[in-house]
Amino acid sequence: MNRNVYATYDVFPSAKGASTHIKEMINVSSQQCDELQLFCLRGNSTYPAVQTEGNIVIKRYYNEEEMNYLEKASLFSQQLFIDIQKNKESIQIGHFRDVWSGMGLTAEPSIKTIFEVNALTSIELPYRYPNLTPTFLKKLREIESQCLQKATVIITPSEVTKAYLETNYAIDTAKIKVIPNGAHIPESYDRPIDAPEQYIIYFGAIQPWQGVDVLLKAMTYLEDFEDLKLVICLAVKEKAFKPYKKLVEKLGLKDRIILKSRLSKKELYNYVHYAEASIAPLKACDRNITQGCCPLKILESMACETAVIASELPVVTELVTEQEALLFEPDREQDLARCIRFILDEPERKETYIANAFEKVKSTFLWEDQKEKLKKIYQDLTL
């Protein structure tokens, strides 16, 4: 039996965009072996610790409340290494998404590895834990560097991220392959029963770099659109929105915001499709400008035939031009409000943006096309 391993320090499955990406990646990996071993976090989900789906064996470590982040991360790496050793002779490729998974996989030199760099822990973790010491962050970057250097191949969804790795970690350009995120075209839509008559939408996670506060402030410049609502579809529990509730009250938006949480893909796409516009208000910060990303919400909105309004950042203009989306100056709520107003006032122009974006996603950003790129990497590694 030949095996592949896919390891991620994340809960799977979940409503987060990362889960969508993981699902597509393991689909490819599982087709290139007899058995795929998927190692991930269990979180607070009701999914079993060990589960088999076809030729995929899923092993989930730890519940969220069991220990703090760093304790859990360290034990995750150790336990992954132990489990890898049990079948190391039959493992052909180890695919990992983060340093905690990478330490467990790259420690075994006989395994060819793929480091999937969607984000770097040293950049994203300080947003979650702002009191991390410089000494700790330095050590974290050293671990990242080791994982990057040891990996056989590095894949990343953005040219911005690729350039960052080349410059800051001295990675050979030929070692890095860019595979953007993708989207599936929904087969049909049903307008949600409780959907407002007129609304714009934000969906996904709500970390500080997402710019949800900028979007909330932009709503205050649209008071003349009395019936306009903002639907926020959270990929996390509704309680995660608590830090923004004070801002909502302060801005007088309580009656204009509608919260939804952890919708199924079908439900989410229904809300997206019937929205006047889908907003991606990414902030101009290290995470988005220096490290880079590939905003899945933009591609999924294009696939749902919904007008896109997004921050004009390099990671966004990799995906769309001004022919396919309205772009506004990052962190400028007045400019964002101007774009929303334009979409509401110019329905014919809106339809042009939608049509152009839909053609773009079909020609360039379908998941099937991205998975073919990953499939070739797997095949090249097993020659």
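Taken together, the values in this text are just the output of simple stated rules run on the coordinates, not laboratory data. In this text the structure is predicted, and so the values were computed from the model without any measurement. Heads up, the Cβs are rebuilt from the backbone with ideal geometry, glycines too, and the neighbour counts pull from every protein chain shown.
Some notes on this structure:
- Relative contact order of the range 1-44, pairs being alpha-carbon contacts under 8 Å that are 6 or more residues apart, as %: 63
- Take every pair of alpha-carbon atoms less than 8 Å apart whose residues are at least six positions apart; their mean separation over the length of the chain yields a relative contact order of 16 percent.
- Along the axis of the charge dipole computed for the range 83-190 (Cβ charges of +1 for Lys and Arg, -1 for Asp and Glu, origin at the Cα centre), the listed residues 135, 183, 158 are led at the positive end by 135.
- With Cα atoms defining each centre, the range 184-209 and the range 339-377 are spaced 16 Å apart in the structure.
- Simple rule: put +1 on each Lys or Arg Cβ and -1 on each Asp or Glu Cβ in the range 186-291, find the dipole, and look at 277, 218, 259; the Cα lying farthest toward the positive end is 259.
- The chain: angle of helix 367-381 to the longest principal axis, Cα-based, in degrees nearest 10: 20
- Taking the Cα centre of the range 12-108 as reference, the dipole from Cβ charges on Lys and Arg (+1) and Asp and Glu (-1) amounts to some 120 debye.
- Relative to the current alpha-carbon distance between residue 139 and residue 368, full extension at 0.36 nm per residue lengthens the span by 78.7 nm.
- Only Lys, Arg (+1) and Asp, Glu (-1) charged, at Cβ; the chain dipole about Cα centre in debye: 1240
- The range 49-103 versus the range 135-165: alpha-carbon centroid distance in Å: 20
- Share, in percent, of DSSP beta bridges within the range 195-295 that are antiparallel, nearest 5: 0
- Set of aspartates and glutamates near residue 150 by C-alpha distance (under 20 Å), chain-local residues within fewer than 8 positions excluded: 83, 89, 98, 108, 116, 142, 166, 172, 380
- Note on the chain: helix-only mean residue ellipticity at 222 nm, from DSSP H runs of 4+ residues weighted -39500 (n - 2.57) and normalised by residue number, equals -13000 deg cm²/dmol.
- Of all DSSP beta bridges confined to the chain, the antiparallel ones make up roughly 10%.
- Those residues of the range 242-269 whose amide nitrogen sits under 15 Å from the label point placed on residue 44, 7 Å along Cα→Cβ: 242-243, 261-262
- By average C-beta atoms within 10 angstrom, highest first, the peptides 237-249, 354-366, 126-138, 79-91: 354-366, 79-91, 237-249, 126-138
- Förster-model FRET efficiency, 30 Å R0, residue 236 and residue 187, C-beta, rounded to 0.05: 0.65
- The amide H of residue 61, built 1.01 Å from its N in the peptide plane, has 40, 41, 42 as neighbours under 5 Å, considering only residues 5 or more places off or on other chains.
- Cβ-defined net charge surrounding residue 330, 11 Å radius [Lys, Arg +1; Asp, Glu -1]: -3
- Sorting 289-300, 45-56, 197-208 by average packing, meaning the other beta carbons within 10 Å per residue, from highest down gives 289-300, 197-208, 45-56.
- Amide proton proximity set for residue 158, modelled H, under 5 Å, gap of 5+: 179
- Using a cutoff of 8 angstrom between alpha carbon atoms and counting only pairs six or more residues apart, the relative contact order for the range 266-331 works out to 38 percent.
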